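Asks: Structure incoming, see below.
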Amino acid sequence: MRTETKIIIGLLVIAISISGFLIWLTYQVSGNVLVTTDKTEYEKGEVLKVKIQNNFRKNVCFSSCYPYLLERKNEKWESYKYAECYDLDSNGKCISPGQIKAFELTLPQVPGGLHRLAIPVCIGCKGEDTFKESKRFYSNEFIIK
């Protein structure tokens with residue numbers, strides 16, 4: 001086999017190896033967290049049911065202090081102010097890849113309008129760690145009357 005052919009084959013093997021590694025890396029860090037509410041319209045004080053599905057390849061953990069934020073659309077999305085958390089903000093509930101977490105919350109007496117939930121998560125964290133937001137995911141939009 002000629003030297004040029006060996007060099008070309010070697011470069012192809014390296015290129016294929018690098019491409020494979022990049023595809024694997026993208027697969028490991030890509031994904032999302034799907035956040036859905038049970039309805040698109042609610043009354044103030046009504047119970048909202050939400051499902052959170054982990055579509056990452058790693059654990060996803062939620063803040064023990066602020067597992068969700070309620071946001072209202074004015075000109076831009078604005079979070080409601082919550083009371084201060086005096087506990088250590090650690091990873092609260094964590095869910096494994098493919099797992100679903102469901103919870104209910106009673107909607108506070110807030111101005112009516114277009115709302116959504118913001119869910120800050122820590123990707124790949126452990127339950128005993130301090131919470132560090134890696135990414136934030138949003139629910140579908142809903143109206144509070």
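Asks: Suppose we filter ILE100, ILE95 for residues that are of a type in the set (A, V, I, L, M, F, W, C) and crowded, with 17+ Cβ neighbours inside 10 Å; which single one remains?
Replies: ILE95
Asks: Sticking with this structure for a sec: Can you find a residue that is under 20 Å from ILE144 (Cα atoms) and under 17 Å from the mean Cα position of the chain (by Cα) anywhere in the range 81-93?
Replies: no
Asks: Look through the range 134-145, keep the residues that are over 24 Å from ASP89 (Cβ atoms) and in a loop (DSSP other than H, G, I, E, B), and return whichever of them is least open to solvent (accessible area, probe 1.4 Å).
Replies: ASN140
Asks: Which pairs do you get when a residue that is in contact (Cβ under 8 Å) with a residue 60 or more places away in the chain and surrounded by 10 or more Cβ atoms within 10 Å (Cβ to Cβ), found in the range 1-20, comes within reach of a residue that is assigned to a helix (DSSP H, G or I) and not basic (Lys, Arg), reach meaning Cβ atoms under 9 angstrom, with the pair 6+ apart or on two chains?
Replies: Note: no pairs meet the criteria.
Asks: For the condition under 16 Å from GLU133 (Cβ atoms) and at pLDDT 85 or above, what is the one hit in TYR42, TYR68, TYR82?
Replies: Answer to the selection: TYR68.
Asks: Select from the range 103-133 the residues that are open to solvent by less than 80 Å² (accessible area, probe 1.4 Å) and β-branched (Val, Ile, Thr) and write down the one among them that is farthest from GLU71 (Cα to Cα).
Replies: THR130
The values are calculated or read from the model by the stated rules, or taken from the named source; none is laboratory data. Given the structure is predicted, the values throughout are model-derived calculations rather than measurements. Here Cβ is always computed from backbone atoms with ideal geometry, including for glycine, and neighbour counts include all displayed protein chains. Note: areas computed on protein heavy atoms with side chains; ligands, DNA, RNA excluded. Shrake-Rupley method; radii C 1.70, N 1.55, O 1.52, S 1.80 Å.
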